[in-house]
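Only the coordinates and a few stated rules stand behind these numbers; no lab work does. Because the structure is predicted, anything quoted here is derived from the model rather than measured. Glycine gets a Cβ as well: all are built from the backbone with ideal geometry, and neighbour counts include every protein chain shown.
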Amino acid sequence: MDDKTLISLVEKFGASDLAELTLEDGATRLVLRKETAIRAIAAAAAVGAQETPGAAGAQGAAGTLVTLSALGVSGAQGAQSALGAPGAPVHLGLPARIETSNDPASLAASAGEMVTSPIVATFYASPTPDAPAYAPVGKRVKSGETLCILEAMKMMNHLEAEFDCEIISVKAKNGDLVEYGQSIFEVKRT
């Protein structure tokens, strides 16, 4: 298959309503999939893994890890343009297991709100390694009080409480790298 034919085929596929196209010409096999089709396959694979006990991927409770080769994606051009290198992991932001309960005791126990990291940073619970933590479990914190320090690019950012609350649990350990949006504290409004 020459370059001109290949380019024409890719352009026509892009303009079409097709989600997937497989073409075999002698020793050459071309598979074109639109990103929406790949994501749909990945989501279906993740849902199937959730329904199977003990089938959590390498990400455990954080999500399911799916590789392009596991999704049946072939063809270096299609894989690279859609999601990266062939065989590269595709992290789906889906929980590996979802637990629900109608039990009032468990609902009351999980009634806390999460305080999340506004930036990617290193978490520090106290101003110095031997100082007490700003917000240990059980402490009642006033609005504007420092909960922790988030270090990013050698800048020490004080994360302050947005409302009066009690610390139910601390989700990060001293020195941990926290991601944007990651839960750091579970709190209960007071």
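Just a few scattered comments:
- Value of Rg/Rh across the range 111-189 [Cα atoms, Kirkwood radius]: 0.93
- Virtual spin-label span in nm between Lys12 and Glu151, 7 Å along Cα→Cβ: 6.0
- Candidate aspartates and glutamates - alpha carbon under 18 Å from Lys188, same-chain residues fewer than 8 apart omitted: Glu113, Glu145, Glu160, Glu162, Asp164, Glu166
- Sites Arg189 and Ala133, calculated FRET efficiency, Cβ-Cβ separation with R0 22 Å, nearest 0.05: 0.60
- Distant-in-sequence amide H partners of Cys148 (H built 1.01 Å from N, under 5 Å): Leu159
- Spacing of the two label points (7 Å from each Cα toward its C-beta) at Tyr180 and Thr22, in nm: 3.8
- Residues with amide H under 5 Å from that of Ile119, placed H, sequence gap 5 or more: Gly181
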